[in-house]
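Trainee: After the structure tokens below, expect a handful of questions from me.
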Amino acid sequence: MSRGSRAAAAVVAAAALALTACAPSAPEGEGSGDGGATGSGVGPLVVATTTDVVNFNPLIGNSRTDSWVTDLMYPRLLHINEDGEKEAALATDWGYSDDLTGYFEIRDDMSWSDGEPITAEDVAWTLQSVLDDQPAGTLLGQMGAVESVEAVSDTRVELHLSEPDAVVVPEVGFWAVVVPQHVFEPEGSLADFANDAPQADGSWVSAGPYALTEVQRGQSYTMERVEDYPLADDGAPNASEVVFRVYPDVNTELLALESGEVDLVANALPPSQVERLQSADGIEVAEVPGLGYAHLVYNMDEPRLAQVDVRRALAAAVDYDTIREVVLQGQAVSAGSNPLIPVLSQFAPEDAEEYAFDPQAARDLMASAGVDDTSFRLLYNLTDPVMAQAAQLMEEQAAEAGITLELDGRERNAYLAATDAGDYDVYLGNFAIMDDPVTNFRLSYLPGGVINYTHVDDPDLTALVEEAGRQLEVADQVPVMQEAAEIVKDQVYDNIMYTQNLYIAHSDEWSGFVVQPSELLSVVNPVSLANATTAG
Amino acid sequence: MAAPTRPSAQQPSEPSVDPAAEGATVEGVPGAQAAAVPGAPADVEQVAAGGSAARDTWRAFRRQPLGVLSLGVLGVLVAVAVLAPVLADYPSGTGSSVLAPPSAQHWFGTDNLGRDVFAQVVWGSRSSLLVAAGASALAIVLGTAVAVAGAWWPRLDALVGLVVDLVLSLPVLPLMILVAALVGPRTTTIVLVIAAFSWPEVTRVVRSLALTVVRLPYMDAARLLTPSATWIITRHLLPAVTPVVVVSVVLTASRAVLSAAGLAFLGLGDPRSWSWGRVLFEAQQAGAMSSAWWLTLFPSLAILALVLAATLASIAFNDARDPRSRVRR
Amino acid sequence: MPALASFTLRRLARGLVTVWFAVTVTFLLLRLLPGDPALAIASPTMTEETRAAVLERYGLADPLVVQYGRYLLALVQGDLGTSFTQGQPVSSVLLERLPWTLLLTGAALVVTVLVGIPLGVLAAARAGSGLDRLVQGLGVTGQSLFVPSVGVLLLYVLGLQLGWFPIGGAYDRDVYGGEWYLSVLRHLALPALSLALVQLGAYVITLRSTLIEALGEDYCALARAGGIPYRRVLWKHALRNALLPTTTLVGLQLGFLVGGAVLTETVYAYPGVGRGIYEAVTQLDFPVLQGAFVLLAVTVVVANLLTDLVYGLLDPRVRT
């Protein structure tokens, strides 16, 4: 053998040696994952995703894969049904006992996988720790009005509020995930705990339906079912295991689905692949309603855009229909340019009419505003294929109206930084979940709101949004919110384009999935995966 | 690293008795361009022979069908880039037939917005060639300047050698990804990034020849005639290394195309202009790389044609310059 | 052997300088280019106070020099820091990926050498013939290919249509012992082949030209004049000398390979360090990025150190 090949062989030998450490040994005794569950014990359900889990602490992690994995272990108090309404999950009842006290009543039949029952103490400790330790997740932003949280019995949690707030209970109910106090508390601050190691028995402590047992970074996350999961139809999960596998490239991911190595692709299909996969052998495509929207926002700090006619002109220079039909292949619902999107059926007005695409009107408006320089910089996220292609079309459509949209696509982090700094004339982006309109309006349209990308400060609008927040009954919120939405639409403070419907592909051997709205929940939500089965 | 096997760093001017070590000097280039780097001694002979060498080289080059063919392919690609407006409309808007396979109407099929892929590839050649030309021009200027400076001022040379070795040991693609992501994917950024990590390769190749040349007798003679370093460098040293630079231009340029395509494929291409990498990136994002094969095939073929032709042309050029590489049994 | 010892010491010092250089370049790039890690760590909707608290917690509020000094100090103690986004030690995040990158690049090298030597010898022995041109042409074509396109093609034909190879990952679950190693090989085959294809050309062509060079040297001519058959001169005498520089190429390429495998790992869903770097970039996870570059630099240095030492033993001339 030559020297060269010998040297190279040595490298491989060394690598192989390093790998022997990872070589798994056969499990001791069969059925380690079956632990007495009552389901039929169907084979593992293999779910593909495009990214790794970033953080196993559900109160810190905020990527989709993080949520998909941790949602199978740490329960939410409330779920959202297909109509966008909150429904019972760990909590069975919720609301306000007086102006300054909210409450959750929780189930008494759920327990952690190590046998400890889930009590109101777990819930209260989780919420209070979020207040105290301030982990950098989404939940903290929803708890502005909460002063303290306390367990008043084994099943009842009370939130003490600083001011009356109609939405804090449903919002905290949906965004909070409950973690086991007896596991998390000894680890110190919630904001620093990585939750990256299993317990002595080799698995994470979970409330079900599945518990993480093995992590192969860059490759797979294996989860075994728990014994009891009351939220499943059979009282326990069907599939013995759920395995998340990482495919960074969506093309490879789809090949793996077609070859049968993967049973379900968790991320929504690229719009142009939906039709092909719907007619592919052995594959079914589930439709999932969106719960957010894509929108254009005009930065009112820019003097030209402070004029309503300029904003109207820009709104008239976009062909919304074409974008929905071509970029999204018709898989989107117009919002009628109204921030109360149709999926929020209790709030959405019935006859919302979209801004018309009218290049001539746009020219006239721009002229009447006396604006000669009609060049605007459009900021968007380059790595979001739908937004990137929509931006390309908008540039061409605006040109028809004599408006120059200068495309400023940036990589995700640079885009977030620019958004945060208000470094744009026009902003194109989307929100995955806008489950509660009052919260959304507060964050989007009140001065200082964290997603007030328009930088709008309109006293009339502010008064209406604050008024809605004081109405404890949804029915009383509706007329106020609709009035506020009219102002937003008329003044073009926000240009809501559409809600995208999502399509999730899975093997036709599996059925029983339960659809919840948004890509975050879709068919990968815990109830759905617990009910999924190969039987029938 | 691996400096002991690269005598160029330590004793460049000694005629190498060890053919192996000599090979390491001139050929041990990592990555794609290892192939066609010329052997220093042969260059020296050529240089000493003077200007008529260019004509001889060209005559020898023309006798190599593969080289001529490659040059032809490069010419066609440049022509396509220049004539893009004549060949196809700028790919824009949307079309009615989405992801349609190649047909008489759309030679290369259509993409997921119904746009013509032929037009994308044709217009993409502009940006791709621009990046190639820009990055290689920068890298060549910088790389040659550093190499020549090192060769001329020996005290500088140790530093040059060290820096080159250090930069060459960096993982280049991940660093390019990092910079492009943080600064923002603009064509200028991409050109700068690729140039910033390509010049050491040029320096390395040029330096080994330049170090040999400065010790040749005729350089000493020049030094006696004039005190002007600039004059000697521009009139004698630079012309002497030009053949190596020519080869480097072609190779750096073709490698820049692959790097730019790789960056674009990871989402770090300029979204405002068409490039071959962008066509591939959009196909990837649409999840259509395997089902709509035409989206993948044609831009990949364009890249292949460019890099292949560039490499073959420079091999032919080297063979033409170096009589010793012709058949020997 | 004092000569060898001092030679080794100098190599080691040089290796340390290389690692320091990689660390510093990365550190400066990360800190001086635009990009706000606080945004990546926290949700984009955080308030100004939360952001300040986040920066404080991760030590990003300190002056650059302080951050640099602290990083070097920790590094010397073997501490790569804690990931911003994952809250885990960087070493545990990366070391899990490193073996796969080593395996992938190592396997690609072995394929390159095993296929490259016969091809290079063949081409050199018949220099100028049609066969020579074919070998060179194939080599050059290989290094001109765009890896992701080749990857998708191979996966589609050999993975999906023919079902010979698995699609993505590094091994199957639920297989043990010998079967597990087989599964690792099956997953390794396509990515390693793609990677080998891309670098084979450089290897073959270098070997070919150094062989031609060697055959022209006096000792070869002498050997032939002495009646030793051409075949033997070629395979024994010439190849032995030509292999040295070609092996250097292997050492040098490791750095390129380990870093350049990002695209391969992406398409084949192979869990290596390169892909980890890409993900860390998208998350602006500074410590992981830095750690990854340190690891890659160390890998390159160690590989070259080994090459150098082997040389030092084999060929006393280089110890000067």
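The values are calculated or read from the model by the stated rules, or taken from the named source; none is laboratory data. Because the structure is a prediction, the values reported are computed rather than measured. Note that each Cβ is placed from the backbone with ideal geometry, even for glycine, and that neighbours are counted across all protein chains shown.
Trainee: Which of (1) crowded, with 20+ Cβ neighbours inside 10 Å; (2) under 18 Å from A:Met387 (Cβ atoms); (3) of a type outside the set (Gly, Ala, Ser) does A:Val333 not meet, given it meets every other one?
Mentor: Only one criterion is unmet by A:Val333, namely (1).
Trainee: Of all residues in region A:86-107, how many are in a loop (DSSP other than H, G, I, E, B) and surrounded by 14 or more Cβ atoms within 10 Å (Cβ to Cβ)? Talk me through it step by step, then tell me what you get.
Mentor: Within region A:86-107, the subset in a loop (DSSP other than H, G, I, E, B) is A:89-90, A:99-100, A:107.
Those left that are additionally surrounded by 14 or more Cβ atoms within 10 Å (Cβ to Cβ): A:89-90, A:100, A:107.
Number satisfying all stated conditions: 4.
Trainee: Which numbered condition trips up A:Asn495, out of (1) modelled with pLDDT under 95; (2) in contact with a Phe, Trp or Tyr (Cβ under 9 Å, 6 or more places away or on another chain)?
Mentor: Only one criterion in (1) modelled with pLDDT under 95; (2) in contact with a Phe, Trp or Tyr (Cβ under 9 Å, 6 or more places away or on another chain) is unmet by A:Asn495, namely (1).
Trainee: If you check A:Gly218 against the conditions, is it assigned to a loop (DSSP other than H, G, I, E, B), in contact with a helix residue (DSSP H, G or I) (Cβ under 8 Å, 6 or more places away or on another chain) and not assigned by TED's automatic domain parsing to the domain that holds A:Met481? First the steps, then the outcome.
Mentor: Values: assigned to a loop (DSSP other than H, G, I, E, B): yes; in contact with a helix residue (DSSP H, G or I) (Cβ under 8 Å, 6 or more places away or on another chain): yes; not assigned by TED's automatic domain parsing to the domain that holds A:Met481: yes.
Answer is yes for this residue.
Trainee: Any residue at all in region A:117-135 that's part of a loop (DSSP other than H, G, I, E, B), modelled with pLDDT under 90 and under 25 Å from the mean Cα position of the chain (by Cα)?
Mentor: First, the residues of region A:117-135 that are part of a loop (DSSP other than H, G, I, E, B): A:118-119, A:134-135.
From the residues that got through so far, the ones that are modelled with pLDDT under 90 too are A:134-135.
Within this subset, residues satisfying the condition of being under 25 Å from the mean Cα position of the chain (by Cα) are A:134-135.
Yes; the residues of region A:117-135 include at least one that is part of a loop (DSSP other than H, G, I, E, B), modelled with pLDDT under 90 and under 25 Å from the mean Cα position of the chain (by Cα).
Trainee: A further question on this structure: I'd like to verify a number: residues in region A:64-85 that are at pLDDT below 90 and surrounded by 17 or more Cβ atoms within 10 Å (Cβ to Cβ), how many?
Mentor: We begin by selecting, within region A:64-85, every residue at pLDDT below 90; these are A:64, A:81-85.
Those left that are additionally surrounded by 17 or more Cβ atoms within 10 Å (Cβ to Cβ): A:64, A:84.
Final tally of qualifying residues: 2.
Trainee: Let me ask something else. Within region B:233-253, is there a residue that is under 19 Å from the mean Cα position of the chain (by Cα), of a type in the set (Gly, Ala, Ser) and at pLDDT 80 or above?
Mentor: For region B:233-253, residues under 19 Å from the mean Cα position of the chain (by Cα), of a type in the set (Gly, Ala, Ser) and at pLDDT 80 or above: present.
Trainee: Could you tell me whether A:Ala197 is out of contact with any helix residue (DSSP H, G or I) (no Cβ under 6 Å at 6 or more places or on another chain) and within 21 Å of A:Asp122 (Cβ to Cβ)?
Mentor: On the way: out of contact with any helix residue (DSSP H, G or I) (no Cβ under 6 Å at 6 or more places or on another chain): yes; within 21 Å of A:Asp122 (Cβ to Cβ): yes.
So A:Ala197 fits the description; yes.
Trainee: Let me ask something else. Looking at the structure I just gave you, is A:Ile487 of a type outside the set (Ser, Thr, Tyr), touching a residue at least 12 places away in the same chain (Cβ under 8 Å) and in contact with a helix residue (DSSP H, G or I) (Cβ under 9 Å, 6 or more places away or on another chain)? Before the answer, list the steps.
Mentor: Numbers: of a type outside the set (Ser, Thr, Tyr): yes; touching a residue at least 12 places away in the same chain (Cβ under 8 Å): yes; in contact with a helix residue (DSSP H, G or I) (Cβ under 9 Å, 6 or more places away or on another chain): yes.
Yes: the conditions hold for A:Ile487.
Trainee: A follow-up question, please. Within region C:142-168, track down each residue that is buried (at least 24 other Cβ atoms within 10 Å of the Cβ) and over 25 Å from the mean Cα position of the chain (by Cα).
Mentor: Passing the criteria: only C:Gly159.
Trainee: Now a separate question. Can you find a residue in region A:307-320 that is assigned to a loop (DSSP other than H, G, I, E, B), of a type in the set (A, V, I, L, M) and over 22 Å from A:Pro385 (Cα atoms)?
Mentor: Of the residues in region A:307-320, the ones assigned to a loop (DSSP other than H, G, I, E, B) are A:307, A:316-319.
Cutting the leftovers down to of a type in the set (A, V, I, L, M) gives us A:316-318.
Narrowing the set further to residues that are over 22 Å from A:Pro385 (Cα atoms) leaves A:316.
Yes, because at least one residue in region A:307-320 is assigned to a loop (DSSP other than H, G, I, E, B), of a type in the set (A, V, I, L, M) and over 22 Å from A:Pro385 (Cα atoms).
Trainee: Would you be able to tell me the number of residues in region A:180-204 that are surrounded by 12 or more Cβ atoms within 10 Å (Cβ to Cβ) and within 14 Å of another protein chain (Cβ to nearest Cβ)?
Mentor: Residues that pass the stated criteria total 11.
Trainee: Separate question: Filter region C:165-216 down to the residues that are among the β-branched types (Val, Ile, Thr) and in a helix (DSSP H, G or I), then identify the one that is farthest from C:Ala108 (Cα to Cα).
Mentor: Within region C:165-216, the subset among the β-branched types (Val, Ile, Thr) is C:167, C:175, C:184, C:198, C:204-206, C:210, C:212.
Now narrow it down to the ones that are in a helix (DSSP H, G or I): C:184, C:198, C:204-206, C:210, C:212.
Numbers: C:Val184: 14, C:Val198: 10, C:Val204: 14, C:Ile205: 17, C:Thr206: 17, C:Thr210: 22, C:Ile212: 26 Å.
For region C:165-216, the residue satisfying everything is C:Ile212.
Trainee: Take A:Val333 and decide whether it is in contact with a Leu (Cβ under 6 Å, 6 or more places away or on another chain) and under 22 Å from A:Gln273 (Cβ atoms).
Mentor: Working: in contact with a Leu (Cβ under 6 Å, 6 or more places away or on another chain): no; under 22 Å from A:Gln273 (Cβ atoms): yes.
For A:Val333, the condition - in contact with a Leu (Cβ under 6 Å, 6 or more places away or on another chain) and under 22 Å from A:Gln273 (Cβ atoms) - is not met.
Trainee: Starting from residues that are within 15 Å of B:Phe281 (Cβ to Cβ) and more than 7 Å from chain B (Cβ to nearest Cβ), keep the ones in region A:376-411 and report whichever is farthest from the chain's Cα centre (by Cα).
Mentor: Result: A:Gln392.
Trainee: Taking interchain pairs and intrachain pairs at least six residues apart, which have beta carbon atoms under 6 angstrom, with the first residue in region A:365-392 and on the phi < 0 side of the Ramachandran plot and the second in a helix (DSSP H, G or I) and among the basic types (Lys, Arg)?
Mentor: Short answer, once both residue conditions are applied: A:Leu365/A:Arg312; A:Val371/A:Arg304; A:Asn381/A:Arg412; A:Thr383/A:Arg412.
Trainee: Counting just the residues of region B:165-185 that are over 11 Å from B:Leu263 (Cα atoms) and not in a helix (DSSP H, G or I), which one comes out nearest to the other protein chains (Cβ to nearest Cβ)?
Mentor: Once the filter is applied, the top-ranked residue is B:Pro171.
Trainee: Residue check: is A:Val46 within 14 Å of chain C (Cβ to nearest Cβ), farther than 16 Å from A:Val168 by Cβ and in a loop (DSSP other than H, G, I, E, B)?
Mentor: Working: within 14 Å of chain C (Cβ to nearest Cβ): yes; farther than 16 Å from A:Val168 by Cβ: yes; in a loop (DSSP other than H, G, I, E, B): no.
No: the conditions fail for A:Val46.
Trainee: Could you check region C:122-141 and list, in sequence order, the residues that are assigned to a helix (DSSP H, G or I) and either within 8 Å of chain B (Cβ to nearest Cβ) or buried (at least 20 other Cβ atoms within 10 Å of the Cβ) (or both)? Quick ask: steps written out before the conclusion?
Mentor: The first filter runs over region C:122-141 and keeps only residues assigned to a helix (DSSP H, G or I), leaving C:122-125, C:130-141.
Matches in region C:122-141: C:Ala123, C:Ala124, C:Ala125, C:Arg133, C:Val135, C:Gln136, C:Gly137, C:Gly139, C:Val140, C:Thr141.
Trainee: Take the residues in region C:182-221 that are more than 14 Å from chain B (Cβ to nearest Cβ) and surrounded by fewer than 16 Cβ atoms within 10 Å (Cβ to Cβ); name whichever of them is farthest from C:Thr141 (Cα to Cα).
Mentor: C:Leu182
Trainee: For region C:1-35, which residues satisfy the criterion of being more than 17 Å from C:Val288 (Cβ to Cβ) and of a type in the set (Ser, Thr, Tyr)?
Mentor: C:Ser6, C:Thr8, C:Thr18, C:Thr24
Trainee: Taking C:Gly177 and the conditions (1) buried (at least 19 other Cβ atoms within 10 Å of the Cβ); (2) farther than 27 Å from B:Gln285 by Cα, which numbered condition does it fall short on, given that it satisfies the others?
Mentor: With (1) buried (at least 19 other Cβ atoms within 10 Å of the Cβ); (2) farther than 27 Å from B:Gln285 by Cα applied to C:Gly177, the lone miss is (1).
Trainee: Sticking with this one: When residues of region C:274-310 are filtered for being of a type in the set (Val, Ile, Thr), closer than 21 Å to A:Ser220 by Cβ and in contact with a Pro (Cβ under 9 Å, 6 or more places away or on another chain), how many remain?
Mentor: Here is the first cut: in region C:274-310, the residues of a type in the set (Val, Ile, Thr) are C:277, C:281-282, C:288, C:294, C:298-302, C:307, C:310.
Retained after the next criterion (residues that are closer than 21 Å to A:Ser220 by Cβ): C:277, C:282, C:288.
After this cut, where a residue has to be in contact with a Pro (Cβ under 9 Å, 6 or more places away or on another chain) as well, the list is C:277.
Selection size over region C:274-310: 1.
Residue by residue, here is whether (1) modelled with pLDDT of 85 or more; (2) farther than 14 Å from C:Ile277 by Cα holds:
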| site | (1), (2) |
| --- | --- |
| C:Gly78 | no, yes |
| C:Gly87 | no, yes |
| C:Arg97 | yes, no |
| C:Leu114 | yes, yes |
| C:Leu122 | yes, yes |
| C:Gly128 | no, yes |
| C:Asp132 | yes, yes |
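Trainee: Got at least one residue in region C:29-52 being within 20 Å of the chain's Cα centre (by Cα), modelled with pLDDT of 80 or more and facing another protein chain (nearest Cβ under 8 Å)? Full working, then the answer.
Mentor: First, the residues of region C:29-52 that are within 20 Å of the chain's Cα centre (by Cα): none.
Scanning region C:29-52 turns up no residue that is within 20 Å of the chain's Cα centre (by Cα), modelled with pLDDT of 80 or more and facing another protein chain (nearest Cβ under 8 Å).
Trainee: Please state which one of A:Ala207, A:Ala232 is assigned to a loop (DSSP other than H, G, I, E, B), out of contact with any strand residue (DSSP E or B) (no Cβ under 8 Å at 6 or more places or on another chain) and crowded, with 22+ Cβ neighbours inside 10 Å. Let's see the steps before the verdict.
Mentor: Working: A:Ala207 fails: out of contact with any strand residue (DSSP E or B) (no Cβ under 8 Å at 6 or more places or on another chain).
Just a single option satisfies the conditions, and that option is A:Ala232.
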